Amino acid sequence: MHSYDEKRVLELLALGSEEAFVQLYDRYRPFIYNVSLKLIRDQEQAKEILQEVFMDLWRRREVVSQAANVKAYVYGMARNIIFDHLKAQMKMEVAKREFAFQIRHENTTEKALIEKQYEELLNEAVERLPPQQQRVFRMAKIDGLSHENIAIKLSISRLTVKKHMREDLLTLRSRLQRYLASLTFLMAIVRLFE
């Protein structure tokens, strides 16, 4: 087994020796990998950084061969690449958070718009009801009065209130039927992105 002579390895590396490159790789791989793994905390990314450092080292082999302290030079290369990876990760995390916020905000806005449209359609349909049925519906659904209280306020029987409500709901359902399918579909789409 040959002893490691870094000066000779660097001279050969500058001349393009793959064997010298392998010797440098074997010598500094554990160090670079461990530093990368410690800072990045992801084995696959640490391997990518290791590859990137040694590809860069090969491209700069003539400069590397002139370095006074190869370990410090290689460490500096690794550090710069690691910091670039960390910056890219941070940018990705920020972008993900911004995207998630935007989607939530758009979904909330879209949902509010759909609900407003539904409310407008319902109000239009209620306004087309006969006046007595409108009063009964509004008192029951908007004011929250019981059938008995509505009957007392309008001086009609409880059964009449019940009949008006049944007719109101049938009329509104038939008028809103064509809109309900599309609104239900839109609400389902909005819920997918929540």
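The values are calculated or read from the model by the stated rules, or taken from the named source; none is laboratory data. Keep in mind that this is a model prediction, so the values were computed, not measured. Backbone-built Cβ (ideal geometry, glycine too); neighbour counts: all protein chains shown. Ligands, DNA and RNA are excluded from the accessible area calculation, which covers all protein heavy atoms including side chains. Shrake-Rupley method; radii C 1.70, N 1.55, O 1.52, S 1.80 Å.
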Out of region 63-104, which residues are more than 20 Å from R27 (Cβ to Cβ) and either of a type in the set (A, V, I, L, M) or more than 31 Å from the chain's Cα centre (by Cα) (or both)? L86, A88, M90, M92, V94, A95, A100, I103
If I filter region 142-150 for residues that are assigned to a helix (DSSP H, G or I), open to solvent by 70 Å² or more (accessible area, probe 1.4 Å) and modelled with pLDDT under 85, do I get at least one hit? yes
Those residues of region 46-63 which are of a type in the set (V, I, T) and touching a helix residue (DSSP H, G or I) at 6+ places or on another chain (Cβ under 6 Å), in sequence order: I49, V53
Quick one: is K162 among the basic types (K, R), under 24 Å from E119 (Cβ atoms) and part of a helix (DSSP H, G or I)? no
Pick out the one residue from E124, E119 that is surrounded by fewer than 15 Cβ atoms within 10 Å (Cβ to Cβ), at negative phi, in contact with a helix residue (DSSP H, G or I) (Cβ under 9 Å, 6 or more places away or on another chain) and assigned to a helix (DSSP H, G or I). E124
Give me the residue from region 157-176 that is farther than 17 Å from L122 by Cα and open to solvent by 40 Å² or more (accessible area, probe 1.4 Å) and, out of that set, farthest from the chain's Cα centre (by Cα). S157
Against the definition (at pLDDT 80 or above, surrounded by 12 or more Cβ atoms within 10 Å (Cβ to Cβ) and part of a helix (DSSP H, G or I)), how does V136 come out, yes or no? yes
Of the residues that make up region 53-64, is at least one at pLDDT below 85 and open to solvent by less than 100 Å² (accessible area, probe 1.4 Å)? yes
Condition check: out of contact with any Asp or Glu (no Cβ under 7 Å at 6 or more places or on another chain), open to solvent by less than 90 Å² (accessible area, probe 1.4 Å) and free of Cβ contacts under 8 Å to residues at least 12 places away in the same chain. Does G16 satisfy that? no
